[in-house]
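The values are calculated or read from the model by the stated rules, or taken from the named source; none is laboratory data. What you see is a predicted model; the values in this text were computed from it and never measured. Here the Cβ positions follow ideal geometry from the backbone for every residue, glycine too, while neighbour counts run over all protein chains shown. When the accessible area is computed, the model is the full protein with side chains, heavy atoms only, and any ligands, DNA or RNA have been set aside. Shrake-Rupley method; radii C 1.70, N 1.55, O 1.52, S 1.80 Å.
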Amino acid sequence: MLALINADVEGRRTQVRIGGSRIASVGEPPEAHDRVLDLAGDRLLPGLINAHDHLPLNHLPRLEPAPRYQNVREWIAAVDRRRRVDGPLKAAVAVPMAERLLLGGVKNLLSGVTTVAHHDPLYPDLCEIQYPVRVVRRYGWAHSLYVEGEAKTLESQRRTPADWPWIIHAAEGLDEGAREEFWRLDRLGCLKANTLIVHGVALGGPERRRLSAASAGLIWCPASNLHLFGATAEVAELAREGRVAIGTDSRLTGSRDLLEELHIAAQQVALNPSELESLVTRDAARLLHLPDCGIVAPGARADLLVLPQGVALEGVHRADIRLVMVDGIPLYGDLDVAGSLAGAARWVEVHVDGRVKALEASLAERLRRLASREPGLELAAATGRAA
Ligand SMILES: [Zn+2]
């Protein structure tokens, strides 16, 4: 087993032992044959959960809105026009799906995300063992009432088992129509305990109280909302009730990654660092019905994130990350941590935002073969191995 000693878990120094893909124990000392990694007070968190992304859309350039929109219908119409006339956008849409999906996974991994709730169909590539992050597989979804219409939306909601999340974009805008969309969903019978509304920018007090009474949840994407509408949802009360998770949305409208989303979230809402962390760990896991994710506890998945000592999550950048592990397999981190977990052959030295880091070798090799690149990630020459 692997024993992580002197780990700071929620402010307490402790030991975490990992057997295969699961956490075996917390607080137990290492045993005789354990491989031991001394974290020397570094923070150990559960891997982060990105509650909303469109994984094939992250290689696209962020589209500048002009002027700010009142609702998402105006935005969708603008994108449709741009797709026909905008050269770089046309070229980006032509990139093969497998390549786009891998880039979406790498965006998330490099920011400490180990689980993503992808919106849209569950493409087979997302379920492959070598996909860099865990993708939620048990979910129902509809794009929005606007795109799907009432009959398809209702059918999607009814088809989704009560113990799976059912996810829909709603109330994405500033006008009365965006707010009314929430009540249309309610009248249709689509506001259930497993319903997760993405965006909810137009929700006022009555709508938030109704959401809460229905035991439903909100997926908050502040960067995308601010970009399109100059405003975002009011989430403080719902967050204190545990009804909010944070998502990035895709880079077409959203932030670079979940860490950047957290910097922006922290500026928008008066929550303390531990409350904010819950929105991308514990609360997100509960809302997405993932009982073994989002916690550091015996039996939970060994999806783990190591950060430098004493830093708050909303102040971290992806190059600061000491280690990301998915299912007990270390994939990204600092050279010293990487080297003590697995032999040099398992790692390739890369640059992330100008800093030297280690990336798991087979993942680096697959990225090297792609025509497109993750911005800020420089893959060294094939001979460059991490020490
Ligand atoms: Zn979305």
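V36 fails exactly one of the following numbered conditions: (1) outside any strand (DSSP E or B); (2) open to solvent by 10 Å² or more (accessible area, probe 1.4 Å). What is the number of that condition?
(1)
Counting only residues that are over 30 Å from I264 (Cβ atoms) and in contact (Cβ under 8 Å) with a residue 12 or more places away in the chain, give me the strands (runs of 3 or more DSSP E) lying completely in the stretch 292-387 with at least 2 of them.
Result: 347-352.
Only one of L226, L211 is assigned to a helix (DSSP H, G or I) and either out of contact with any helix residue (DSSP H, G or I) (no Cβ under 9 Å at 6 or more places or on another chain) or buried (at least 21 other Cβ atoms within 10 Å of the Cβ) (or both); which?
When all the criteria are applied, what remains is L211.
Just a yes or no: is a residue in the stretch 4-25 part of a strand (DSSP E or B), closer than 27 Å to A284 by Cα and in contact with a helix residue (DSSP H, G or I) (Cβ under 9 Å, 6 or more places away or on another chain)?
no
If L252 meets every condition in (1) in contact with a helix residue (DSSP H, G or I) (Cβ under 6 Å, 6 or more places away or on another chain); (2) not in a loop (DSSP other than H, G, I, E, B) apart from one, which number is that one?
Every listed condition holds for L252 apart from (2).
Test each condition in (1) of a type in the set (A, V, I, L, M); (2) surrounded by 17 or more Cβ atoms within 10 Å (Cβ to Cβ); (3) within 16 Å of the ligand (Cβ to nearest atom); (4) under 30 Å from A285 (Cβ atoms) for L63 and report the one that comes out false.
Failing condition for L63: (4).
If you check every pair at least six apart or on different chains, which have Cβ atoms under 7 Å apart with a residue in the stretch 107-121 that is over 13 Å from P56 (Cα atoms) first and a residue that is hydroxyl-bearing (S, T, Y) and assigned to a strand (DSSP E or B) second?
Here the result reads L109/Y332; L110/Y332, each pair linking the stretch 107-121 to a residue that is hydroxyl-bearing (S, T, Y) and assigned to a strand (DSSP E or B).
Report yes if some residue within the stretch 88-97 is buried (at least 22 other Cβ atoms within 10 Å of the Cβ) and not in a helix (DSSP H, G or I); otherwise report no.
Checked against the condition, which is being buried (at least 22 other Cβ atoms within 10 Å of the Cβ) and not in a helix (DSSP H, G or I), the stretch 88-97 yields no hits at all.
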